[in-house]
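Asker: Take a look at this one; I'll ask things after.
Just so you know, all these numbers are worked out from the coordinates, no wet-lab data involved. The structure presented is a predicted model; accordingly, all values stated were derived computationally and were not measured. Cβ: placed from backbone, ideal geometry, glycine included. Neighbour counts: every protein chain shown.
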Amino acid sequence: MVIRVEALAPKRIAGEYTFKNLEEFYHWMNSNYKRPRGLAGWALLSLAEEGSFITLTGMYAIKCFYDKPIGYTAKEIARKIGFLKTRGGGDAGIDTTKAIEFIKAIEKD
């Protein structure tokens, strides 16, 4: 299980990084990408579901790749745990307080 990251912006953290688990990646994202709030959570969900997360804006630019995506099951787990909040039948946001619980459930599979 490996997460590869290419950070392009902000310049203070530009470079390539490798993480051995999702929790290590999540903490790194939270400490380096504080805005927009919840970005680390969306990155986590995208990696678990699709195996990649790419966002390029003026304030932040990052490309992340995960070698063990689990597909749609990731969203099902996220909803069950409460990490992915739903409202009116659609996804409404991320509950970052449930991130570690979500990571443990994903890595257990």
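Asker: Within segment 30-60, which residues are farther than 14 Å from A7 by Cβ and hydrophobic (A, V, I, L, M, F, W, C)?
Answerer: W42, L44, L45, L47, A48
Asker: Of the residues that sit in segment 32-47 and are among the hydrophobic types (A, V, I, L, M, F, W, C) and touching a Phe, Trp or Tyr at 6+ places or on another chain (Cβ under 7 Å), which one is surrounded by the fewest Cβ atoms within 10 Å (Cβ to Cβ)? Talk me through it step by step, then tell me what you get.
Answerer: Here is the first cut: in segment 32-47, the ones among the hydrophobic types (A, V, I, L, M, F, W, C) are 39-40, 42-45, 47.
Next, from what is left, pick out any that are touching a Phe, Trp or Tyr at 6+ places or on another chain (Cβ under 7 Å): 39-40, 43-44, 47.
Working: L39: 20, A40: 22, A43: 26, L44: 30, L47: 24.
Step by step, filter segment 32-47, then rank; the result is L39.
Asker: Can you find, within segment 1-44, the residue that is farthest from L56 (Cα to Cα) among those that are assigned to a loop (DSSP other than H, G, I, E, B) and among the small types (G, A, S)?
Answerer: So in segment 1-44, the residues assigned to a loop (DSSP other than H, G, I, E, B) come out as 1-2, 10, 14, 20-21, 33-38.
Narrowing further to those that are among the small types (G, A, S): 14, 38.
Values: A14: 13, G38: 16 Å.
Residue satisfying both the conditions and the ranking: G38.
Asker: Let me ask something else. Mind telling me which of the residues I106, I62 ends up being surrounded by 15 or more Cβ atoms within 10 Å (Cβ to Cβ) and farther than 27 Å from P10 by Cβ? Let's see the steps before the verdict.
Answerer: Details: I62 fails: farther than 27 Å from P10 by Cβ.
When all the criteria are applied, what remains is I106.
Asker: Okay, moving on. Report yes if some residue within segment 95-103 is more than 23 Å from S31 (Cβ to Cβ), surrounded by 13 or more Cβ atoms within 10 Å (Cβ to Cβ) and either within 13 Å of the chain's Cα centre (by Cα) or of a type outside the set (A, V, I, L, M) (or both); otherwise report no. Spell out the reasoning first.
Answerer: Filtering segment 95-103 for residues more than 23 Å from S31 (Cβ to Cβ) gives none.
No - not one qualifying residue is present in segment 95-103.
Asker: Taking the conditions exactly as written (in contact with an Asp or Glu (Cβ under 9 Å, 6 or more places away or on another chain) and not basic (K, R)), does M29 satisfy them or not?
Answerer: On the way: in contact with an Asp or Glu (Cβ under 9 Å, 6 or more places away or on another chain): no; not basic (K, R): yes.
It is false that M29 is in contact with an Asp or Glu (Cβ under 9 Å, 6 or more places away or on another chain) and not basic (K, R).
Asker: Further, regarding this structure: Could you list all residues from segment 54-78 that are without any contact (Cβ under 8 Å) to a residue 12 or more places away in the chain and under 15 Å from the mean Cα position of the chain (by Cα)?
Answerer: I54
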